[in-house]
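Quick note: the coordinates plus some simple rules give every number you see, no bench work behind them. Since this is a predicted model, take the numbers as computed values, not measurements. Note that we place each Cβ from the backbone using ideal geometry, even for glycine, and neighbour counts take in every protein chain shown.
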Amino acid sequence: MKVRNSLKSAKLREKGCRIVRRKGRLYVINKKNPRFKARQG
């Protein structure tokens with residue numbers, strides 16, 4: 001999982017990516033391709 005300042009670039013890399021908010025942090029998750037995981041904050 002990558003930790004990034006901006007999740008917009010991580011979200012746009014593939015169409016299956018979703019932004020999810022958990023415990024005050026923003027996550028990018030992708031069920032079909034789990035290598036596109038990222039976190040902010």
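Structure summary
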quantity: Net charge dipole size for the chain [Lys, Arg +1 and Asp, Glu -1 on Cβ; Debye, nearest 20]; calculated: 100
quantity: Count of lysine pairs in the chain with Cα separation under 17 Å (8 or more residues apart, or interchain); calculated: 11
quantity: Net charge, Q40 excluded, C-beta distance under 9 Å - Lys, Arg +1, Asp, Glu -1; calculated: +3
